[in-house]
Amino acid sequence: MGAFIDASPSPYHAVENAALRLAEAGYDELDERDAWTSDDTRAFFRRGGSLVAWHIGADQRRGFRIVGAHTDSPNLRVKPQPETGAAGCGQLGVEVYGGALLNSWLDRDLGLSGRVTLAGEGIEARLVLIDRPVLRVPQLAIHLDRDIGEQGLKLDRQAHMTPLWRSGVASAGDFASWLGEEAGIDADSIRGWDLMTHDLTPSAALGGDGSFYAAPRIDDLASCWAAVEALAASEPADTTSVVCLFDHEEVGSVSASGAGSSMLPGALGRIHRVAGGDADSLPRALASSACLSVDGAHATHPNYADRHEPDHRIALDGGPVIKINANARYATDAVGRAIVEEACRVAEVPFQVFVNRSDLPCGSTVGPVTAARLGVTTADVGLAQLSMHSARELCGYDDPPRLAAMLAAFLQTTP
């Protein structure tokens, strides 16, 4: 898992690495613009920072077994005209993406990653990875913020999160010129970018006994890794196995490549047709289907145990977490829970059940969105973790392979 996470600092790199793993396992890459045929039984396509992959089953009446996860994580994203600065320092203007724990981005050595678009006969998008210290957001010294101990750290997204980039205030166009040199691209051909910061500290086992795992983007690249590994290892089954890695979950999923788009419903319809189905049999196949939305779950924090539901303690390395919310912020119902428990039983891994405190608002994920779009029984599950939405997060060392094993069992089990 760590190698996948470290190589995937942006959604576009996560999709690239997922594609490489699937191709290695015998999956063919298709283009959404092309016609698909009955030979495309093990295949995938990409759309920006999202990917859909499938393995067509022997009996279309059995429907789909779908696993969804997301490729994006909270971070700082470079603005279109980023050159700025003060006090003789060149800085880059950034916008906070998603619900980032802002303090976790202070005083870290940061790289840049993402994609650029280039001028040409068509629109060419090229991956960019600057995996060395080029940015830093310095915190104000305690001598100049004497009340921080009593009043806490207060950060303004516009004023306090602008990273240092170079000496001397930059002029318009300087960033594009520098980016072209770093990426080996003609700066004059750059038309735009989707670039973001990433922490440079490698993933690592942690603890005196090595029982923890510290890494950036555990939410939700751990789930992406587990889903891809489960599909890559899948054997022929009656059901059609599908993995969908969505972008933009952290900002609401409403995009052309998010869970709220037509991407997955459209793909399922096309997959069903190339397998011999039609418009009448598709709703029946969906009625026989099930979906697992896989995203991070809150482990009980030892320093803030009062923030958690006292009768639903969640342990690091306690196994996959089934997430339930009476107000449908998670999609799990009794049927979905039973499906997950059966997959855990087949995989021989423990499981846990999470419920949020009744007096605290509950987060959400792609589960309810996907359930509403497809009308399919859906359950929300995840990996127990601490420091969610931090630049660097923490989970149990043994839980990621357990999650992958559970997902593999789910994909292979006929409803």
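Accessible surface computed residue by residue for the range 230-275, with neighbouring protein chains in place and a 1.4 Å probe, gives 30 Å² per residue. For the chain, the fraction of 1.4 Å probe accessible surface lying on carbon and sulfur atoms is 49 percent.
Using the Cβ-Cβ distance between GLU29 and ALA87 with R0 = 51 Å, the FRET efficiency computed as 1/(1 + (r/R0)^6) comes to roughly 0.55.
Listed peptides 316-326, 4-14, 215-225, 172-182 appear in the order 215-225, 4-14, 316-326, 172-182 once ranked by packing, highest mean of other Cβ atoms within 10 Å at the front.
Dipole magnitude for the chain: about 620 debye, using +1 per Lys or Arg Cβ and -1 per Asp or Glu Cβ, origin at the Cα centre.
DSSP beta bridges confined to the chain are antiparallel in about 70 percent of cases.
Counting only alpha carbon atoms, the long axis of helix 263-274 and the longest principal axis of the chain meet at about 30°.
Using Cα atoms only, what is the angle between the long axis of helix 399-412 and the major principal axis of the chain, expressed in degrees (0 to 90) to the nearest 10? Helix 399-412 sits at roughly 30 degrees to that axis. Tilt of helix 174-183 relative to the longest C-alpha principal axis of the chain, in degrees (0 to 90, nearest 10)? The answer is roughly 50 degrees. Please give the FRET efficiency for ALA287 paired with ASP39, using the beta carbon to beta carbon distance and R0 = 35 Å, rounded to the nearest 0.05. Between ALA287 and ASP39 the formula returns 0.80. For GLY57, the residues whose modelled amide H falls within less than 5 Å of its own, excluding neighbours fewer than 5 places apart on the same chain, are THR240, SER241.
The values are calculated or read from the model by the stated rules, or taken from the named source; none is laboratory data. Quantities reported herein were computed from a predicted structural model and do not represent experimental measurements. Reconstructed Cβ throughout: ideal geometry from the backbone, glycine too, with neighbour counts over all protein chains shown. Accessible surface is based on the protein model in full, side chains and every heavy atom, while ligands, DNA and RNA are left aside. Shrake-Rupley method; radii C 1.70, N 1.55, O 1.52, S 1.80 Å.
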